[in-house]
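Colleague: Below you'll find the structure I mean.
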Amino acid sequence: MQETAGIWQAVLGELELTLSRGNFVTWFKNTQLLDFTTDKAIIGVPNIFIKQQLERRYNDLIKDVLGKNGVSPEEIRYEIYSAPSMKSKRSTDDSVELPESMGNKYVGETRRSGVAHKYRQGLNSRYTFENFIVGSSNELAYAACQAIAQKPGEKYNPLFLYGGVGIGKTHLIQAVGNEILKNNPKAHIVYISTEQFIQEFLDAIRFKKNTDFAGYYRSADVLIVDDIQFIAGKEKTQEEFFHTFNALHQANKQIIISSDKPPRDIPTLEERLRSRFAWGMSIDMQTPDFETRCAIVQSKAQSNNLNLSPDVVEYLANLVHSNIRELEGVLNQLLAYCEMRGLDPDIKIAEAIFSGSVAGPKRITPKQILEHTARYYSVDLEDLMSPKRDKEIVVPRQVAMHLLRTELKLSFPKIARECGRKDHTTAIHAVDKITKELAVNPQLRQQVVELKGRMYV
Ligand code: ADP
Ligand code: MG
């Protein structure tokens with residue numbers, strides 16, 4: 001056992017260097033080499049989705065790297081298993097952090113300051129200018145971001161980017177950070193979601209590390225703050241942010257801010273911050289037009305090595321109008337459906353899956369949502385519906401409640417009943433918790449997208 005652990009550690013070490021951080025974390029976290037002989041190696045994976053992705057996309061790479069570490073089996077098998085460390089963790093409080101397998105792990109940037117930056121996610125290398133499709137709805141934002149990436153701090157400072165959900169704000173502002181890092185690996189780029197910023201600030205006060213906190217942000221060359229609308233009503237955080245802003249701006253450091261609405265519409269935003277946000281450039285990102293949506297679908301399909309026919313592309317682009325994350329969702333549903341059945345995607349299949357309804361994909365029942373969620377997270381449905389408070393059950397249960405709300409628009413009392421609860425405040429709490437968590441936790445977001453993808457096939 002010791003030997004397999006050591007080998008797998010070495011394999012992961014190499015994979016981590018080969019793959020983008022996003023891919024590495026998404027596909028290889030909580031995997032393990034369970035056993036190997038000359039015939040086959042068995043790799044434990046947390047769920048069916050990861051199993052399929054590893055089989056399809058990474059099998060050769062894994063084989064290759066295993067070989068370099070002295071394991072050259074003829075075949076690799078992937079089996080679903082639960083990491084023992086997860087099972088043994090227990091908790092009686094569901095307001096605690098997500099277990100590591102839910103992806104709330106902090107990455108990078110942790111050593112610069114003494115505060116426990118457990119909320120910090122940093123940049124995701126998946127978001128680049130290269131894979132961002134430019135159309136009339138976002139060309140202005142794109143151009144401004146490119147200009148900033150070339151000469152940070154010189155033009156458009158701050159850049160304030162605003163627009164609806166899922167239209168590429170996070171993608172673009174992260175692309176700026178990634179591009180600057182590419183040109184100058186030493187640049188100190190700080191990307192933070194506002195919710196993380198608030199949480200760290202509160203922690204800093206609680207653990208009396210205010211100066212560390214302030215120092216960390218004020219030493220940034222580029223500060224990227226996502227979803228600033230969440231700062232509404234947070235007076236102390238606004239004040240802290242005000243001082244950070246001033247310090248950086250005075251030193252000609254670049255500041256980039258995103259929001260789902262313009263500064264004038266953010267309630268209880270201090271006037272002095274509001275006016276500072278207007279100092280530089282404000283850009284409104286529009287919902288993507290039809291051509292842009294088609295181009296996005298085609299490019300995402302191609303990055304999965306698939307060429308979709310124009311009728312399928314147009315069909316998908318017509319299903320979802322404003323939210324590109326949802327557009328990716330329907331594409332993934334189609335691809336997953338076809339992959340599991342070994343079919344090539346065509347318009348008939350697309351129509352069958354989405355049954356021509358523009359309002360949304362096929363209907364699903366509360367029971368199916370609960371079953372799919374349980375299966376996705378490899379927990380028993382009975383446990384999900386029970387009062388158990390184990391960490392590995394609490395989060396899937398909250399996700400299920402969230403899906404009952406977002407997919408079926410059920411009332412809170414009804415959600416509680418579907419989950420075997422009497423008290424509907426649990427449902428309110430769960431939906432709220434996951435909604436907030438989704439804003440700051442890309443891995444959880446991805447899980448929910450995947451899970452939805454599975455629900456509708
Ligand atoms: P927002 O921050 O505005 O809510 P995101 O930046 O998270 O939206 O975008 C949602 C998803 O859509 C991401 O996966 C992103 O990569 C993708 N996306 C958005 N706009 C584009 C685009 N123009 N080209 C390619 N992908 C895009
Ligand atoms: Mg965003």
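Colleague: What net charge do the residues around K169 carry, taking every other residue with its C-beta under 10 Å from that of K169, with Lys and Arg at +1 and Asp and Glu at -1?
Modeller: Values: positive: none; negative: D226, D227, D260.
Summing Lys/Arg as +1 and Asp/Glu as -1 gives -3.
Colleague: Which Cα, out of L12, I42, N23, lies furthest along the positive dipole direction of region 1-44 (beta carbon charges, K/R +1, D/E -1)?
Modeller: N23
Colleague: Further question on the same structure: Hey, which aspartates and glutamates would be in cross-link range of K151, C-alpha to C-alpha under 19 Å, not counting anything within fewer than 8 residues on its own chain?
Modeller: Correct list for K151: E130, E139, E179, D221.
Colleague: Could you order K367, K261 by accessible surface area, starting with the largest, using a probe radius of 1.4 Å?
Modeller: Ranked list, largest accessible area first: K367, K261.
Colleague: Also: Which one of F277, L306, T244 is farthest out on the positive end of the charge dipole of region 222-307, using unit charges on Cβ (Lys, Arg +1; Asp, Glu -1) and the Cα centre as origin?
Modeller: In region 222-307, that residue is T244.
Colleague: Kindly flag which residue pairs out of K155/K234; K29/K391; K186/K253; K186/K236; K261/K433 have an alpha-carbon separation exceeding 24 Å in this structure.
Modeller: Details: K155/K234 29 Å; K29/K391 18 Å; K186/K253 15 Å; K186/K236 32 Å; K261/K433 22 Å.
From K155/K234; K29/K391; K186/K253; K186/K236; K261/K433, over 24 Å: K155/K234; K186/K236.
Colleague: Here is a further query. Which whole-number percent of Cα pairs in region 2-89 have a distance greater than 20 Å?
Modeller: Numbers: 1016 of 3828 pairs.
Above the 20 Å cut-off, region 2-89 has 27 percent of its Cα pairs.
Colleague: Continuing with this model, one more query. Accessible area, 1.4 Å probe, largest first: how do H188, H321 sort?
Modeller: Details: H188 10, H321 95 Å².
Reading off the accessible areas and sorting them downward yields H321, H188.
Colleague: Compute the helix-to-body angle for 424-440: its Cα long axis versus the longest principal axis of the chain, expressed 0 to 90° and rounded to tens.
Modeller: It is inclined by approximately 70 degrees.
Colleague: Determine the equivalent ellipsoid of the chain by diagonalising the alpha-carbon gyration tensor, then write out the semi-axes as square roots of 5 times the eigenvalues, largest first, rounded to whole Å.
Modeller: Details: eigenvalues 242, 145, 134 Å².
Ellipsoid semi-axes (Å, largest first): 35, 27, 26.
Colleague: While we're here: Determine the calculated [θ] at 222 nm for the chain from helices alone, applying -39500 (n - 2.57) to every DSSP H run no shorter than 4 residues and normalising by the residue count; nearest 500 deg cm²/dmol.
Modeller: On the way: 21 runs with 240 residues, N = 457.
Rounded to the nearest 500, the figure is -16000 deg cm²/dmol.
Colleague: I'd like to know which of I296, L61, A400 lies farthest towards the positive end of the charge dipole of the chain, counting +1 on Cβ of Lys and Arg and -1 on Cβ of Asp and Glu.
Modeller: So the residue we want is A400.
Colleague: A follow-up question, please. Expressed as an acute angle from 0 to 90° and rounded to the nearest 10, what is the orientation of the C-alpha long axis of helix 235-250 relative to the principal long axis of the chain?
Modeller: Tilt of helix 235-250: around 70 degrees.
Colleague: In debye, nearest 20, what is the charge dipole magnitude of the chain about its Cα centre with +1 on Lys and Arg Cβ and -1 on Asp and Glu Cβ, if you could check?
Modeller: Numbers: 59 positive and 57 negative charges, 218 e Å.
Magnitude of the dipole: close to 1040 debye.
Colleague: Still on this model: Roughly how tilted is helix 391-408, in degrees to the nearest 10 and between 0 and 90, from the longest Cα axis of the chain?
Modeller: Rounded to the nearest ten degrees, it is 80.
Colleague: Among the aspartates and glutamates, which have Cα under 18 Å from the Cα of K63 when same-chain residues fewer than 8 positions away are ignored?
Modeller: Answer for K63, where 18 Å is the Cα cut-off: E3, E14, E16, D35, D39, E55, E74, E75, E79, listed by chain and number.
Colleague: Quick one: with all protein chains in place, what share of the accessible area of the chain is carbon or sulfur, to the nearest percent (1.4 Å probe)? Write out the running numbers ahead of the final one.
Modeller: Working: 10700 of 21160 Å².
Carbon-and-sulfur percentage of accessible area, whole number: 51.
Colleague: I need the fraction of alpha carbon pairs in region 1-48 separated by more than 13 Å, rounded to a whole percent. Could you put the intermediate results ahead of the total?
Modeller: On the way: 661 of 1128 pairs.
Counting every Cα pair in region 1-48, those more than 13 Å apart make up 59 percent.
Colleague: Here's a follow-up. Accessible area of K436, 1.4 Å probe, to the nearest 10 Å²?
Modeller: 100 Å²
Colleague: Over the chain, average the accessible area per residue using a 1.4 Å probe and give it in Å², no decimals. Could you put the intermediate results ahead of the total?
Modeller: Working: 21160 Å² over 457 residues.
Computed with neighbouring chains in place, this is 46 Å² per residue.
Colleague: So, in Å, what gap is there between the alpha-carbon centers of region 190-208 and region 380-457?
Modeller: Centre-to-centre distance over Cα atoms comes out at 26 Å.
Colleague: Quick check on region 366-455: take the gyration tensor over C-alpha atoms, sort the square-rooted eigenvalues as a ≥ b ≥ c, and tell me if it's rounded (a/c under 1.5), prolate or oblate.
Modeller: Values: a/c = 1.35, a/b = 1.18, b/c = 1.14.
It comes out rounded by the Cα gyration axes.
Colleague: Translational diffusion coefficient of region 139-284 at 20 °C, 1.002 mPa s, Stokes-Einstein with Kirkwood Rh over Cα pairs, in µm²/s as a whole number.
Modeller: Working: Rh = 15.2 Å.
Reported coefficient: 141 µm²/s.
The values are calculated or read from the model by the stated rules, or taken from the named source; none is laboratory data. Quick caveat: nothing in here was measured; it's all calculated off a predicted structure. Quick reminder, even Gly has a Cβ in these numbers, built from the backbone with ideal geometry, and neighbours come from all protein chains shown. Keep in mind that these areas ignore ligands, DNA and RNA; they rest on the heavy atoms of the full protein, side chains included. Shrake-Rupley method; radii C 1.70, N 1.55, O 1.52, S 1.80 Å.
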